[in-house]
Amino acid sequence: MIPLPSSIKLDSADPSFPILDITHSTCRARLALHGAHVLSWIPRDHDEVFYLSPETHMKAGKAIRGGIPLCWPWFSAHPTDTSLPSHGFARIHFWNLDSAIDTPEKIILGLSLTIDGLSAKVEISFGDSLHISLETTNQDEKPRHVGGAMHSYFSVGDISQVHVTGLAGAPYTDCVNTITADFPLDPLHFDREIDANFHTTCPTQLVDRDKKRIIQVEKSASPTTVIWNPWIAKSQRLADLPDDGYKKFVCIEPAILNHEMHELLPGASFSFSTTIHLRAQ
Ligand code: TA6
């Protein structure tokens, strides 16, 4: 383990599953080296931003339910080999912690993972806002196609009191009802399972009237934003989510879907990123 600044402690409650505990003047946060997975981010003067299932696995090889799962180097099912893990390798492997820097404005962590001829480097900045940039480099001798997503589970006070704006007019695919259309002008409310891919590069806002806050999700280099809430039946089917878990989160996911994948020539790199801001409503 590299030397850590005093603002970062290694939570060794489970030595087999290292978690970094961050206490900074701007925020508190927690990150698991497994998946380079943001578990928690509590900006100064705000409540917890992310939902973490009380029934999540926290062990090698199992995806964590909540926080920010990094889906890489593909999103959802692999485009050609369905025997490969859904949402890729990143979230089910331990990443190397390469750097940990404490500045007056933020904590900056650098982590890396190399697997199957592809190298990933993620930079995560915790401060008054949260920034994640995920860079892929093709270490293979042949061109490779790469996609992925930042599958953020945003904590909400009451699902009936939230809506998402910023999607007006965006072409979208409703994956539950297999409908493709342009999204209407009004906000997206949650009264059923929502699993939809919005073709937009615009920021989206999660407006939470219960918590009296607006979470703004900005992004770069990802053509799609996925919105997901499992609702009742799917919550009951997911073993790592309480039956009423759907009431407590909305996923807003900057994504590069399989049909949008980048072709990386040998040695080439590309990055995509997200920045999350909060403001009182
Ligand atoms: O959020 C989009 C999605 O692909 C949904 O279809 C749902 O499966 C969700 O990801 C969770 O996936 P996971 O593999 O973490 O259960």
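At-a-glance table
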{"item": "Contacts under 9 angstrom Cβ, first residue in region 220-235 being part of a strand (DSSP E or B) and modelled with pLDDT of 95 or more, partner of a type in the set (Ser, Thr, Tyr) and within 9 Å of the ligand (Cβ to nearest atom), 6 or more apart", "result": "226/76"}
{"item": "Complete set of residues in region 28-81 that are small (Gly, Ala, Ser) and either part of a loop (DSSP other than H, G, I, E, B) or within 22 Å of residue 256 (Cα to Cα) (or both)", "result": "35, 36, 53, 60, 61, 63, 66, 67, 76, 77"}
{"item": "Region 240-256 - residue that is within 10 Å of the ligand (Cβ to nearest atom) and outside any strand (DSSP E or B) and, of those, surrounded by the fewest Cβ atoms within 10 Å (Cβ to Cβ)", "result": "240"}
{"item": "Qualifying position, being under 27 Å from residue 136 (Cα atoms), assigned to a strand (DSSP E or B) and either within 14 Å of the ligand (Cβ to nearest atom) or touching a residue at least 12 places away in the same chain (Cβ under 8 Å) (or both), among 97, 4, 84", "result": "97"}
{"item": "Filtered residue count, region 171-203, keeping only those that are over 25 Å from residue 244 (Cβ atoms) and at pLDDT 95 or above", "result": "10"}
{"item": "Members of region 131-180 that are assigned to a loop (DSSP other than H, G, I, E, B) and within 16 Å of the ligand (Cβ to nearest atom)", "result": "147, 151, 156, 167, 175, 176, 177, 178"}
{"item": "Flag for residue 234 being within 21 Å of residue 159 (Cβ to Cβ) and away from the ligand (no atom under 16 Å from the Cβ)", "result": "no"}
{"item": "Pick from region 34-75, criterion within 11 Å of the ligand (Cβ to nearest atom) and among the polar types (S, T, N, Q), ranking: surrounded by the most Cβ atoms within 10 Å (Cβ to Cβ)", "result": "53"}
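The values are calculated or read from the model by the stated rules, or taken from the named source; none is laboratory data. Here the structure is a predicted model, which means the values were calculated and not measured. Glycine also receives a Cβ, built like all others from the backbone with ideal geometry; neighbour counts cover every protein chain displayed.
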